[in-house]
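Reviewing the structure listed below.
Just so it is clear, none of the values below were taken in a lab; they were calculated from the coordinates. Just so you know, these numbers come straight off a predicted model, no measurement behind them. FYI the Cβ positions are ideal-geometry reconstructions off the backbone, even for glycines, and counts take in every protein chain you see.
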């Protein structure tokens, strides 16, 4: 199996270049660096967990507690939550032998299974018991969340629902997870009824040059992650763990061959709630179609259909991907993004396809050129899909023009 290769980081300091030396926690010369040290490092610095690469819906982690007691299983190393009520479970392990690796994978899955039997009150009670100041989940989020619109009742409802579904992000964090990735498939197979996403994360520690003091550099690395959820059979592709159906796929309208992450599932669920299951299915089908046309899906909380290559310039001269549409999970769309002459032509032509749509450029900012409905509001997916055939043709036509314009060296030519 091919292993991921990472170069040792380089530091440029006072015109001198230093290649940093790796200091494995388990074998390093710092006696204080043990599993507890690694656990404390992660808990105090949640940004060391590369959640954006794994499941963006879980971003903005708030530390909840360490050593969460879970009856019949043990104590979870660290629990995190975000303002949306999504829970992240973390186990830290120094990988001394294969047995330790297999044990911790099974252990975190047992934690997830047990938590899926809890309700909010049971979890909150356990958090208060393990937290020094006796604060519960709500108090922890209130102390960290800067969102004035955060709603306590909605948060409790979301945590309750996620517990019931077993919808968690499970992270095993180690100092040197290198071998035997395929062995974890057996564990995941036994817990396929849960809604979790799973990843192995390595924290590579490098000592800084003496000239910079006693500090160190941490390089988080995602070594493997689940690509699909809520299926029954697990396979390994390279270092990625992929869950696939145990039954033959029967292609029906609205199904997709795309790998489905928890973030995708939650996005589509919200679209369905805001619009209808029919619109959700049509959107999933459209996503599959566009990926066959040299386009890609971008965005975290929204979905952006954009060019794979950077084909337009912003005012500073930086090349950017062209956004054909930005889709919110509330079922509305907009068309903002750096345009240039070709992009502006695309938006004007698209505006002409709708009954009362109009192209707007009120502030003269190229990025803000948009298409709105007759009342000046956002267009919804249902309206957009009424002209889907003509819109699809326009996307293909515009993409070719963008590439031709870019290849002719005039991507930076802008209209006023």
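When 8, 326 are sorted by how many other C-beta atoms sit within 10 angstrom of their C-beta, beginning with the fewest, the order is 8, 326.
Spin-label model, residue 34/residue 319: points 7 Å from Cα along the beta carbon direction are separated by 5.2 nm.
Two decimals, Cα atoms only, Kirkwood Rh: what is Rg/Rh over the stretch 262-407? It would help to have the intermediate numbers written out before the result.
On the way: Rg = 14.7 Å, Rh = 15.5 Å.
Checking Rg against Rh, the ratio lands at 0.94.
In plain terms, the residue of 389, 316, 130, 339 with the fewest other Cβ atoms within 10 Å comes first and the most crowded comes last, giving 316, 389, 130, 339. Across the stretch 322-416 the C-alpha pair distances fall into 5 Å bins from zero in the proportions 2, 13, 25, 26, 19, 10, 4, 1 percent.
Per-residue counts of other Cβ atoms within 10 Å, averaged by peptide: what ranking do you get for 303-313, 83-93, highest first?
Numbers: 303-313: 19.7, 83-93: 22.1.
Ranking the peptides 303-313, 83-93 by packing returns 83-93, 303-313.
Relative protection proxy for 375-382, 278-285, from highest mean packing down: 278-285, 375-382 (other beta-carbon atoms within 10 angstrom). Working note: Cα gyration tensor of the stretch 42-170, eigenvalues times five, square-rooted, sorted largest first, giving semi-axes of 23, 17, 14 Å.
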